[in-house]
Structure formats: structure tokens, C-alpha cells
Amino acid sequence: MDTKKMIMGGLVVFVLFVIITQPVKAADIVKIGFQGISDAAHGIGAFMTELVR
């Protein structure tokens, strides 16, 4: 079996395990991740706005 497929399969199983056993903690992690992406996008937007001025 391909090593990459084994690693991805293991990662999927781990993520599903965490979601099933600790749904509140998993939701908090996802929320933090999306908040980080949102903050980064806002920062890039502010930077570009300042470049244009």
C-alpha cells in the first residue's frame, strides 16, 4: 500500500475519532482555525488598502 494513502487514511480515522469522542473540543478547534483565516484575510485586506493609498 502506498505510504501517502496510509498516512491520509490514518489522519482521517484520527479526525473522525476526535469528532466522535470530543465534539465540543473539535468544534472549538474548527472555530479557532476559521477565526485565524478570517484575521489573516482582514490583515491582507488592510495591507493592500494601505498600499493603494
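The values are calculated or read from the model by the stated rules, or taken from the named source; none is laboratory data. Just so you know, these numbers come straight off a predicted model, no measurement behind them. Here the Cβ positions follow ideal geometry from the backbone for every residue, glycine too, while neighbour counts run over all protein chains shown. Heavy atoms of the whole protein, side chains included, go into the accessibility calculation; ligands, DNA and RNA do not. Shrake-Rupley method; radii C 1.70, N 1.55, O 1.52, S 1.80 Å.
Taking the criterion of being open to solvent by 100 Å² or more (accessible area, probe 1.4 Å) and outside any helix (DSSP H, G or I), the residues of the chain that qualify are Met1, Arg53. Applying a threshold of 7 Å to beta carbon distances and a minimum spacing of six or more residues, or different chains, the list of pairs starting in the range 26-53 at a residue that is without any contact (Cβ under 8 Å) to a residue 60 or more places away in the chain and ending at one that is open to solvent by 80 Å² or more (accessible area, probe 1.4 Å) and part of a helix (DSSP H, G or I) reads Ala26/Ile19.
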